[in-house]
Amino acid sequence: MDNQMYYFSPYLYLFWVIPICSFLIFYLRYRHNKVKLVDGIWFNLFFYSLLFCLAITIIGTHNSVLIYGSIGIFFLILGVILIFFGLQAFFWIWNGILMWRRESHTLANTLTLIIGIAIILIPFINNILQPILPHALYLFGIYLWRLCLLYVLGWGYNFLTVALLYQFNKPTFDQDYIIVLGAGLMHGDQVTPLLAARIQRAMTFHFQQIQQTGKAATIIFSGGQGRDETVPEGQAMLDYAVAHGMPSQYGIAEVKSLNTYQNMRNSKEIIEQRPGSHNVIFVTNNYHTYRAARMAREVGLNADGIGAKTSWFFVPDALIREYVAIFLKYKKWHIAFLIVAIIYSAWLAWPR
């Protein structure tokens with residue numbers, strides 16, 4: 001390697017202020033509250049400004065091996081991304097078919113299939129509408145559609161960022177309670193594989209904590225009885241855990257909750273009625289941890305979550321549902337954006 005000392009402009013290092021400051025802001029905010037959507041913006045600002053600073057720093061070295069190696073890695077990653085986007089319709093449809101074959105035939109389980117079909121059909125719909133609509137109206141629709149699509153995708157990318165960051169959450173082994181969120185029973189009284197994964201994850205943490213610290217946590221199995229169920233989910237989960245090696249004195253069945261919000265609220269009421277310290281975590285499937293943590297905050301429960309593994313083919317559809325559920329909570333923002341988008345699209349399409 002050439003031992004020549006290369007000159008770096010001092011102004012080059014000023015760019016590093018952006019990733020450093022944005023990371024500090026993100027870190028301080030994230031330590032305080034892990035479920036704020038805006039923290040995804042701060043993290044992405046840090047991440048992409050860091051890549052930019054690395055790029056200009058590498059170029060500033062004038063080291064050909066380092067420069068061309070970095071360019072090669074960049075184009076390799078870019079190529080993979082472009083291939084995915086070019087074939088995304090087929091990926092969505094393939095995932096939708098897997099969901100159709102392996103899960104129940106509900107609308108919620110066909111979202112990826114619908115998205116894949118929509119991506120294929122949109123160009124044909126565009127070709128049909130273009131000759132039959134007035135030109136100004138057609139342009140208005142195109143501009144409005146693109147703005148709304150960018151808006152939804154931007155929200156989605158930000159959601160994926162914070163949801164992925166939340167997966168790195170590692171609670172300490174000093175918990176007093178572990179809440180296991182219900183997820184429905186099959187055949188009216190049997191724990192599903194998805195729910196069994198949550199129970200096993202909670203039990204694993206429970207026994208690891210005993211092994212490392214000698215402290216046993218109480219596990220609250222939270223879930224009420226649905227219309228097609230013969231026993232409450234909480235009781236079925238407790239029975240399953242006891243049958244798989246958990247001493248019954250460490251378990252409580254909470255049997256009134258019908259959704260995640262009630263899981264958190266009712267479990268919180270049980271915990272607050274008991275003496276002692278109240279260090280709490282909850283267990284759900286990994287795709288659901290972020291939204292569940294937001295609901296814990298809403299009811300005033302200071303609890304972080306850990307995720308149980310989920311079948312890979314189930315994750316894309318499940319993440320879309322999680323995103324939609326969070327997206328719909330910000331109706332005022334969406335209405336404000338839609339008004340601005342309509343006005344701006346009309347201005348762009350207005351004949352001149």
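List of remarks:
- Residue match in the stretch 140-148 (condition: part of a helix (DSSP H, G or I), aromatic (Phe, Trp, Tyr), modelled with pLDDT of 95 or more and buried (at least 16 other Cβ atoms within 10 Å of the Cβ)): yes
- Subset of the stretch 185-219 [assigned to a loop (DSSP other than H, G, I, E, B), out of contact with any helix residue (DSSP H, G or I) (no Cβ under 7 Å at 6 or more places or on another chain) and more than 23 Å from Gly276 (Cα to Cα)]: His187, Gly188, Thr192
- Picking from residues in the stretch 309-352 that are in a helix (DSSP H, G or I) and basic (Lys, Arg), the one that is farthest from Tyr151 (Cα to Cα) is Arg321.
- Residues that are farther than 13 Å from Ile142 by Cα and touching a residue at least 24 places away in the same chain (Cβ under 8 Å), drawn from the stretch 335-349: Phe337, Leu338
- Residue check, Leu133 in contact (Cβ under 8 Å) with a residue 60 or more places away in the chain and either within 24 Å of Val340 (Cα to Cα) or surrounded by 14 or more Cβ atoms within 10 Å (Cβ to Cβ) (or both): no
- Contact annotation: residue pairs with Cβ atoms under 6 Å, 6 or more positions apart or on different chains, pairing a residue in the stretch 36-47 that is buried (at least 17 other Cβ atoms within 10 Å of the Cβ) with a partner that is among the aromatic types (Phe, Trp, Tyr), are Asp39/Phe26; Asp39/Tyr30; Trp42/Phe26; Phe43/Phe26; Phe46/Phe23; Phe46/Phe26.
- Residues in the stretch 17-63 that are among the β-branched types (Val, Ile, Thr) and under 19 Å from the mean Cα position of the chain (by Cα): Val35, Val38, Ile41.
- 3 or more residues aliphatic (A, V, I, L, M) and in contact (Cβ under 8 Å) with a residue 40 or more places away in the chain: qualifying strands (runs of 3 or more DSSP E) within the stretch 227-308: 280-285, 303-308
Results for (1) at pLDDT 95 or above; (2) farther than 19 Å from Thr310 by Cα; (3) within 28 Å of the chain's Cα centre (by Cα), shown as yes or no for each residue.
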{"position": "Leu194", "(1), (2), (3)": "no, no, yes"}
{"position": "Ile199", "(1), (2), (3)": "yes, no, yes"}
{"position": "Thr204", "(1), (2), (3)": "yes, no, yes"}
{"position": "Gln225", "(1), (2), (3)": "no, yes, yes"}
{"position": "Leu258", "(1), (2), (3)": "no, yes, yes"}
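- Of all the listed residues (Met295, Met246), the sole one being crowded, with 17+ Cβ neighbours inside 10 Å and closer than 20 Å to Leu194 by Cα is Met246.
- Boolean, Gly188 is out of contact with any Leu (no Cβ under 9 Å at 6 or more places or on another chain), more than 20 Å from Gly251 (Cβ to Cβ) and either hydrophobic (A, V, I, L, M, F, W, C) or in the same structural domain as Ala336 (by TED's automatic domain parsing) (or both): no
- Entry remark, the stretch 71-111: residues being surrounded by 15 or more Cβ atoms within 10 Å (Cβ to Cβ) and among the hydroxyl-bearing types (Ser, Thr, Tyr) number 1 in total.
- Among (1) loosely packed, with under 14 Cβ neighbours inside 10 Å; (2) within 30 Å of Lys331 (Cα to Cα); (3) in contact (Cβ under 8 Å) with a residue 24 or more places away in the chain, the one test that Ala163 misses: (1)
- The combined condition, being farther than 17 Å from Ser222 by Cα and outside the structural domain of Asn33 (by TED's automatic domain parsing), is not fulfilled by Val299.
The values are calculated or read from the model by the stated rules, or taken from the named source; none is laboratory data. Since the model is a prediction, treat every value here as computed from it, not as a measurement. With ideal geometry, Cβ positions are generated from the backbone for all residues, glycine too; neighbour counts draw on all protein chains shown.
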